[in-house]
Amino acid sequence: MTADAKALYQQRVMAHYKAPHNEGTLDPRTHEAKGDNPLCGDRVTVHLDLRDGRIEAIAFQVRGCAIAKASASMMTTVVKGRSADEARRLSARLRESLLPDSPPLPDDDPLAAFAGVRLFPTRTRCATLAWETLENALDSQR
Amino acid sequence: MAHPFDIGSIRSQFPALGAVVHGQPLTYLDNASTTQKPTVVLDAIRDAYVQAGANVHRGVHALSAEATARYEAVRGIAQAFLNAPSEKEIIFTSGTTEAINLVAQSAGRVRVAPGDNVVITEMEHHSNLVPWQMLCAERQAQLRVLPIDDHGDLRLERLPVLIDPRTRIVAVSHISNSLGTVNPVVDIVDQAKEVGALTVIDGAQAAPHGPIDVQALGCDFYAFSGHKVFGPTGVGVLWGRRSILETIPPYKGGGDMILSVSFEGTTYNEVPYKFEAGTPNIAGVIGLGAALRYLSDLDFDAIALHEQDLLSRTLDMLDSMPGIRIIGEPKYRAAVVSFDVQGVHPHDVGTVLDLEGVAVRTGHHCTQPVMEHFDVPATVRASFAVYNTREDVDRLAAALKKVQGVFA
C-alpha cells in the first residue's frame, strides 16, 4: 500500500477518533454485548435497537486505543440500517479481508475504510474487537 | 561528556542496527525485551553448524568431539560470567522461564509442604510469578507477595512480616523489567537465609548490565536468558548451588540425564547433566558463549556509565515534556523507563513511534500486578543497551512530540 493510502487511513482513523459517530448508550435497546481484549485492556460495549431484524439504532462505547475507538465508530456507520444477517456477513468479510494473503477490498466496498489496518498487523485485533462485540450483541437478547 | 568507548565501532558490530523501518533509520529501544546480536555471535552460531555439526556427548567421531568441546566450554564461560564456584553448577536451559520452572518443580516439590509459604514480590515478571503460583496450588502452600511503593521500590520493611520459619523459597527479580528498579538482593537473601529458605534470583534484566557475582549475592539459584545478553533465543543459564542441586530430583527425563537405563531401575547422571535431558540447543549454547565473551570483553563500568548517561538524558527529556508521566521513580534504576502520554493509549503511542522508526514496547510487560499498582492499562517502555546513542534519545523525543501533535 502506498504512503498516500497509509496517510489517508491515518486521517480517517483520527477523524473518527476525534469525532466519533454513534458514541454512547441506547435506551431503549434490544441487544447488547461487551468485548474485551485482555492483551491491551481495550473494552468495547455495543448497544443495538433491532426491529424486524434490522439495526434501526446502534451505539458504542470504547475504553482503549484510537484504532479500537475509530473502528467501532466506523462500524456503526456501516451497519446502521442494515439487517442483522447483512451485518454478520460484513463482519465475516472484514475478518477475511484482514488475513495476510487476502486481496484488497475494492474502493467502493463499504468495508474499504478498514483496509488500512492491514498496514498495522499488530493492531488488527484492536480493529476487529468492535465487530466481534457486534456479533455477540446480535446473538444476545435483552 | 565523551563516550567512554567507541560507540560507532560497537554499533558497526551489530548488523541489525542498520535497518530502515517505515523509511526511517531504526531506533531500537526495546532491549529489555530482547537484544540485537553482534557479528561474533552470529558467526559462532553459523560455525557451530558448519564446523561442528554433530550431537554432543554421544559420538566418538571428530565432529561430535568438536561439538562437545565447544558446547562444554560455555559452561566455564558462564561460570566466569557469574563468578560461580564451579562450572558443574551451570545448567543450560531454554531461558529464564524454564530455569525458574525447573527450580519450582524440582526443588519446590521436595521442599514445599502443605502449610508452608513462598515469598515473591509485586514487581515480578509473570515467569517468576506463575511457576510459584502453580507450585503453591499443587503443594497447598501460601504465596506471599512483598509489595512495592509508589516509587516502584520494594517495601522492604514488610519483608520480616512475610518471611517466617515456614518460608521455603524466596524468589525475586534482580532488576525490574517494567520499572527498571534495581533490588537490594543481598538484603533479601540474608533475611531468607535466616529461616533457611532457598533463594531464587531472576536475573534476566540484570545480566546485560552486569557484572553478576552469585557468591557475593549469596543466593542459591540465579537465572538469565541468552537473548537478553546479545545471544540467541531459546537458551539460558540456571546457576544453582551444588549442594542443593545434588539433593533435588531431575526436572525432565530423557537422554543424557541418565547414567544407565533399564526397566528395573534407572540411575541419574551427575550434576549438572542430571538437569539437561535430550539434545540441547547446541548452537544456541555456543552462541551464548560468544555473547558472554563479547560482553565480558567490554568494560562493564564503561557500559554502566554509558547507559546511565542515556537514562538521565531520557528522564530529563520525558520530565520536560508536558503530558508525559514517568511511571516509577525507584532509588536505583537500570536503563529502563516506563511512561505514559496523557490522553493517548500506549498502543497508539507505540504505533506512531513505530512509523518514525522508533521501537519501544507497549503493554503490560508481563507484569500485570505492576500495571494494576499504578492503575494503568499499559505503559510505553524504552530500554537501552550498550549500542544505543544520544541520537536515539533525541529521536525518541522527536517521535513523542509527533505523537502529541497527531493526538492534540
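Out of the residues in segment A:105-120 that are at pLDDT 80 or above and in a helix (DSSP H, G or I), which is nearest to the other protein chains (Cβ to nearest Cβ)? Taking the candidates together, the pick is A:Val117.
Listed here are the helices (runs of 4 or more DSSP H) enclosed by segment B:28-128 that have at least 3 residues being surrounded by fewer than 19 Cβ atoms within 10 Å (Cβ to Cβ) and touching a residue at least 12 places away in the same chain (Cβ under 8 Å): B:39-51, B:62-82.
Could you list, in sequence order, all residues of segment B:164-199 that are among the aliphatic types (A, V, I, L, M) and more than 16 Å from B:Leu154 (Cβ to Cβ)? Within segment B:164-199, B:Ile169, B:Val195, B:Ala197, B:Leu198 meet the criteria.
Scanning segment B:398-408 for residues that are surrounded by fewer than 19 Cβ atoms within 10 Å (Cβ to Cβ) and more than 14 Å from chain A (Cβ to nearest Cβ) yields a total of 2. Quick check on segment A:33-54. Is at least one of its residues in contact with a strand residue (DSSP E or B) (Cβ under 9 Å, 6 or more places away or on another chain), part of a loop (DSSP other than H, G, I, E, B), among the aliphatic types (A, V, I, L, M) and free of Cβ contacts under 8 Å to residues at least 40 places away in the same chain? No: zero hits.
All conditions in (1) surrounded by fewer than 23 Cβ atoms within 10 Å (Cβ to Cβ); (2) within 13 Å of another protein chain (Cβ to nearest Cβ) hold for B:Asp394, with the sole exception of (2). Scanning segment B:358-376 for residues that are closer than 14 Å to B:Arg325 by Cβ and within 12 Å of chain A (Cβ to nearest Cβ) returns B:Met371, B:Asp375, B:Val376.
Selection within segment B:342-357: residues that are within 12 Å of chain A (Cβ to nearest Cβ) and either within 16 Å of B:His22 (Cβ to Cβ) or of a type in the set (Phe, Trp, Tyr) (or both). The member of this set that is surrounded by the most Cβ atoms within 10 Å (Cβ to Cβ) is B:Val349.
Okay, residues lined up against (1) buried (at least 22 other Cβ atoms within 10 Å of the Cβ); (2) among the hydrophobic types (A, V, I, L, M, F, W, C); (3) assigned to a helix (DSSP H, G or I); (4) in contact with a strand residue (DSSP E or B) (Cβ under 8 Å, 6 or more places away or on another chain):
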| site | (1), (2), (3), (4) |
| --- | --- |
| B:Ser243 | no, no, yes, no |
| B:Ala277 | no, yes, no, no |
| B:Ala291 | yes, yes, yes, no |
| B:Ser312 | no, no, yes, no |
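Summed over segment A:126-142, residues that are assigned to a helix (DSSP H, G or I), more than 15 Å from A:Arg93 (Cβ to Cβ) and hydroxyl-bearing (Ser, Thr, Tyr) total 1. One residue alone among B:Val349, B:Val380 is touching a Lys or Arg at 6+ places or on another chain (Cβ under 8 Å) and hydrophobic (A, V, I, L, M, F, W, C), and that residue is B:Val380.
The values are calculated or read from the model by the stated rules, or taken from the named source; none is laboratory data. In this text the structure is predicted, and so the values were computed from the model without any measurement. Methodologically, a virtual Cβ is constructed for each residue, glycine included, from the backbone with ideal geometry; neighbour enumeration extends over all protein chains shown.
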